[in-house]
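> Quick one: the structure is below, questions incoming.
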Amino acid sequence: MSILYTIAASVLVFGVVIFLHELGHFTVAKLCGIQVNEFAMGMGPKLCSFVKGSTRYALRLLPIGGFVSMEGEDGDEVNEEIYPDIPADAPRGKSFQQVSVGKRMMVVAAGAIMNLILGFGVLLVLVNMQNVITSRTISGFRGDEMSYESGLRVGDKILAINGRRCFVANDVVYEAARSEKATADFTILRNGQKIQLKDVVFATPLTGEQEGQYMIDFTVQPVQKSVASVLSEAANWTVSYARLIVLSLVDLVSGRVEVNQLSGPVGIVQAINQAVSVGIEPVLNMMALITINLGIFNLLPLPALDGGKLVLLVVEKIRRKPLPAKYEGMINMVGFALLMLLMLFVTFNDIGRLIGG
């Protein structure tokens, strides 16, 4: 049964995340008057489809993504051999290349924006499920009270650690874990004034089986739930997750995190399996992290990603004409090939970790 739950949860998570991403592209394209030839869930051979108006809606064999095929998106007009089921007399929209650069940029960015909106929505549900909201305001001290000796006081609101802003209480834990020897620079709000505290020792060392680890030696206040506090906390969690993903990418590029720590679909399914064994909240949390991750990753200025397409559109806006089709096609082809190699690499890593236990 656990395998069935994992499969169901994985299909639900990936399905919703991919569907809303493609729905973002599709909806904005339609609003901009662009002809959409196909809206597809999945890749590879077509399993089933139907045509409404001048658009084919299809379900494809491989559940590894989806796509929105817009006329003229790659510089070519519609190929009737590919879409023979679309009636020739159906009212058609404009080619992708015929609308303004601004509208094309909105279409390209819409998928990632929908992922971020979904992440906010899921986190809104999760925050609402909590009995209380955890703040970043210190309520007391425990252990050796090293943080008190270093200058922290009850009522201080933690704004940043080591110069990196903390949006939610979890950011405090994350930044603390990144700090060496349980010592960091804190930026706090005290009596309405922003104060910088240098070299705050914020944790006490543990003994016994947990020797070498640290426990944060201060506690924080709870926040009463209200419509405003729930909306604010969900928004802060969304920003926090987005920033966490960016920091992870920075750590990867800088060498702080090894490239073999990257994870792909196999690793994500394994993580969903662990979340399913705990309950619905970890699954929703995983969905929020995945969809925000997809939104941020797609906006990276890399070829074959939405961010790369946005860069080409910005170049077109500056030049007042698009790049020659052969160069744009070459850039996208190389980017897609590198992306596929990365996917193979992370999948190989995931399988290796799975076999190795």
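The values are calculated or read from the model by the stated rules, or taken from the named source; none is laboratory data. Computed from a predicted model, the values in this text were never measured in an experiment. Cβ coordinates were reconstructed from backbone atoms using ideal geometry, including for glycine residues, and neighbour counts include every protein chain displayed. Just so you know, the surface numbers come from the protein's heavy atoms only, side chains and all, with ligands and any DNA or RNA stripped out. Shrake-Rupley method; radii C 1.70, N 1.55, O 1.52, S 1.80 Å.
> Could you sort LEU310, LEU338 by their accessible area in this structure, using a 1.4 Å probe and putting the largest first?
LEU338, LEU310
> Go through region 97-103 residue by residue and turn each phi into a ³J(HN,Hα) via Karplus (6.51, -1.76, 1.60, θ = phi - 60°); whole Hz please, and just put x for glycine and proline.
Ordered by residue, 3J(HN,Hα) equals 6, 8, 8, 5, 4, x, 5 Hz.
> Excluding residues fewer than 8 places away in the same chain, name every one of the lysines whose C-alpha is closer than 26 Å to that of LYS181.
The reachable lysines, counting only those whose Cα sits under 26 Å from LYS181, are LYS157, LYS194, LYS198.
> What pairs from LYS46/LYS103; LYS94/LYS326; LYS46/LYS317 go past 28 Å between their alpha carbons?
LYS46/LYS103; LYS46/LYS317
> Ordered by residue, what ³J(HN,Hα) values in Hz, to whole numbers, does region 120-126 give under the Karplus form 6.51 cos²θ - 1.76 cosθ + 1.60, where θ = phi - 60° and Gly and Pro are x?
For region 120-126, the Karplus-derived couplings read 4, x, 5, 5, 4, 5, 5 Hz, x marking Gly and Pro.
> Rounded to the nearest 0.05, what FRET efficiency do SER100 and LEU302 give with R0 = 30 Å and r taken as the Cβ-Cβ distance? Could you check?
0.80
> Over the chain, with every protein chain in place, what whole percent of the accessible area is carbon and sulfur at 1.4 Å, could you tell me?
Using a 1.4 Å probe with all protein chains present, the chain comes out at 63 percent carbon and sulfur.
> I've got another one for you. Would you mind calculating the relative contact order of the chain from Cα pairs under 8 angstrom and at least 6 residues apart, reporting the percent as a whole number?
That works out to 17 percent.
> Scan (1) 23.4; (2) 20.8; (3) 21.5 for the value of Kirkwood radius over Cα pairs in Å calculated from this model and give just the label.
Read-out taken from this structure: (1).
> Once every DSSP H run of n ≥ 4 in the chain is given -39500 (n - 2.57) and the sum is divided by its residues, what mean residue ellipticity at 222 nm do you get, rounded to the nearest 500 deg cm²/dmol?
Theoretical 222 nm ellipticity from helices: -17000 deg cm²/dmol.
> Using modelled backbone amide H atoms (1.01 Å from N, in-plane), which distant-in-sequence or interchain residues come within less than 5 Å of ARG56's amide H?
Amide H neighbours of ARG56, under 5 Å, 5+ apart: GLU38, PHE39.
> Which far-off residues, 5 or more places away or on another chain, put their amide H under 5 Å from the one on GLY65, with H placed in the peptide plane?
For GLY65, whose amide H was placed from the backbone, the distant partners under 5 Å are GLY42, MET43.
> Hey, can you rank 173-183, 289-299 by average C-beta count inside 10 Å, highest first? Mind dumping the intermediate values first?
On the way: 173-183: 14.8, 289-299: 22.3.
Highest mean packing first, the order is 289-299, 173-183.
> Next up: Using R₀ = 22 Å, calculate the FRET efficiency as 1/(1 + (r/R₀)^6) where r is the Cβ-Cβ separation of ARG153 and VAL173; round to 0.05.
So the FRET efficiency works out to roughly 0.65.
> Show me 139-145, 193-199, 36-42 ranked by packing, highest mean number of other Cβ atoms within 10 Å first.
Answer by packing, highest mean first, reads 36-42, 139-145, 193-199.
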